[in-house]
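Following: one structure in structure tokens, then a few remarks.
Just so you know, all these numbers are worked out from the coordinates, no wet-lab data involved. Owing to the predicted nature of the structure, the values given are computational and were not obtained by experimental measurement. Cβ placement follows ideal geometry from the backbone for every residue including glycine, while neighbour counts extend to all protein chains displayed.
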Amino acid sequence: MQGHYHDPFWSGEKGAGGYAKRIACWRAGDVAFEARWFDFVLGSSVLSVTAVKLFDASLREIARLLKPGGTLLLLEQVAPKRGLALPHYYHALLKQGFENVRAYPIRRLHRSSPRW
């Protein structure tokens, strides 16, 4: 996908398995889209590595970009040591007006488990 990052949009036909017509890449700084622009926002390991002081501002910007009824899907590894435990995500999302906030662990490893 070289060269695609110079333009905020690129064709998503190959990169998204044909499901998205256009994909936008959000880099640091202001997001150059109108409010309520997107139906769907996917964040993969974004907020867990965002500076704690920018966490709420980042969610506020995502909320601004989503259309009413839009979907936000976060694939995050929570960072309790940084003050970003699951309850922080939950309350911050509710504060920005997100509904149906759910969390599902993707794996649980225990040292006593034979699969460890």
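Results, tabulated for the structure shown:
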{"quantity": "Every residue from the range 37-78 that is touching a Ser or Thr at 6+ places or on another chain (Cβ under 7 Å) and either under 14 Å from Tyr89 (Cβ atoms) or outside any strand (DSSP E or B) (or both)", "calculated": "Leu47, Thr50, Ser58, Leu75, Glu76, Gln77, Val78"}
{"quantity": "Residue, farthest from the chain's Cα centre (by Cα), within the range 68-85, restricted to residues that are of a type outside the set (Ser, Thr, Tyr) and surrounded by 13 or more Cβ atoms within 10 Å (Cβ to Cβ)", "calculated": "Arg82"}
